[in-house]
Amino acid sequence: MNAPHPNPRDTGDEALKARLRQTLSQPADDTDALQARVLAQWHQFRPASVVTTSAGPVATLQAAWRQHPVLWTGALAALLVSLWVLRPAQDPVLEELLQPDVLTLISAGEL
Amino acid sequence: MSSDWAVWHAACQGHEASAVQLVRRLTPQAMGLARQLLPRWEDAEDAVQESFLRLWGAQPSDTRGAALATYFNTIVINRCKSWLVRRQELSTDPEQLAEWIDADSPREGSGESAVEALDAPRLQAAMLRLPARQRMALAMWAYADADVSQIARSLDIDANAAHQLLHRAKSALRRGLQETPS
């Protein structure tokens, strides 16, 4: 049994299409200036979310906080608790001096 | 997702190296295509620039599973088509359309040897000698994988007219290539 012969016109068309595509992939004339313009346009229109300012410590902290908010909140809470626990004990003399004496209370009208 | 589409995605997310890679790869091909459809170099450049804007703003659902290069060819062809419509070179007037379709009566079997030795400047010259509708039909068929029904829809003509238009365009191109000096 013979295999069906392809239609010569179809074969010719496919050859034409292949040659057209091949021609398109040949190096074109100088397109450097156009490429530069296209890239400048891309810079202008790229998503704002990725145009982060990485200059300065505040921007760095903000970026770090955005990336790991839970971690940074936990670290901040731990720091505050540590500061509270390790706070210096009050001086008893200073505490006594800060107590209002009887004369002050009388003059303030509280006694 | 193919690696091309992954690069496109990265570029759309703001990754500069990916954008540079895509622009370097797609621009020469897009310019070659636009030059086949639009006579003036500056207009072809504008069409390519507009096409990249469309590419950056494309939605994945627009692509319909096409390869990135084919999808981009479709955008370029559409930009060129808009330009031709603005310049009223793509009239949908039925009488003018019939005139264009019948403009070249095909002579079968000619032009294959000319197609064998094809280079970009010869092809551009031969394409630009065809009527705008024939150029559009050929470009959609060759570079955007469009079939007759898609060409018909895009050019706002019926399928039979699109079939004739494409057939005559192929014949006219083959003949034009024979007449165009290397």
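The values are calculated or read from the model by the stated rules, or taken from the named source; none is laboratory data. Source: prediction; values computed, not measured. Ideal geometry is used to build each Cβ from the backbone, glycine not excepted, and the neighbour counts take in all protein chains shown.
In summary, helices (runs of 4 or more DSSP H) completely within the range B:79-182 and bearing 1 or more residues that are outside the structural domain of B:Pro39 (by TED's automatic domain parsing) and at pLDDT 70 or above occur at B:120-128, B:132-143, B:148-155, B:159-179. Residues in the range B:128-147 that are closer than 14 Å to A:Lys17 by Cβ and either buried (at least 18 other Cβ atoms within 10 Å of the Cβ) or in contact with a Phe, Trp or Tyr (Cβ under 9 Å, 6 or more places away or on another chain) (or both): B:Ala137, B:Leu138, B:Ala139, B:Met140, B:Trp141, B:Ala142, B:Tyr143, B:Ala144, B:Ala146, B:Asp147. Against the test of being crowded, with 21+ Cβ neighbours inside 10 Å and either closer than 21 Å to B:Ala142 by Cα or more than 8 Å from chain A (Cβ to nearest Cβ) (or both), the options B:Ala47, B:Ala19, B:Ala66 yield a single qualifying residue, B:Ala47. Of B:Leu33, B:Leu26, all but one fail to be touching a residue at least 24 places away in the same chain (Cβ under 8 Å), under 19 Å from the mean Cα position of the chain (by Cα), within 8 Å of chain A (Cβ to nearest Cβ) and assigned to a helix (DSSP H, G or I); the exception is B:Leu33.
Annotation note: Cβ proximity below 6 Å between a residue of the range A:15-27 that is at the interface with chain B (Cβ under 7 Å from one of its Cβ atoms) and a residue that is in a loop (DSSP other than H, G, I, E, B) (sequence gap 6+ or interchain) occurs for A:Arg19/B:Leu118; A:Thr23/B:Leu118. Considering (1) out of contact with any helix residue (DSSP H, G or I) (no Cβ under 6 Å at 6 or more places or on another chain); (2) under 15 Å from A:Leu20 (Cα atoms), the lone condition that B:Asn78 does not fulfil carries the number (2). Contact map, the range B:1-12: residues that are farther than 14 Å from B:Gln59 by Cα paired with residues that are at pLDDT 90 or above, Cβ distance under 6 Å, separation 6+ or inter-chain. Pairs shown: B:Asp4/B:Leu68; B:Val7/B:Ser18; B:Val7/B:Gln21; B:Val7/B:Leu22.
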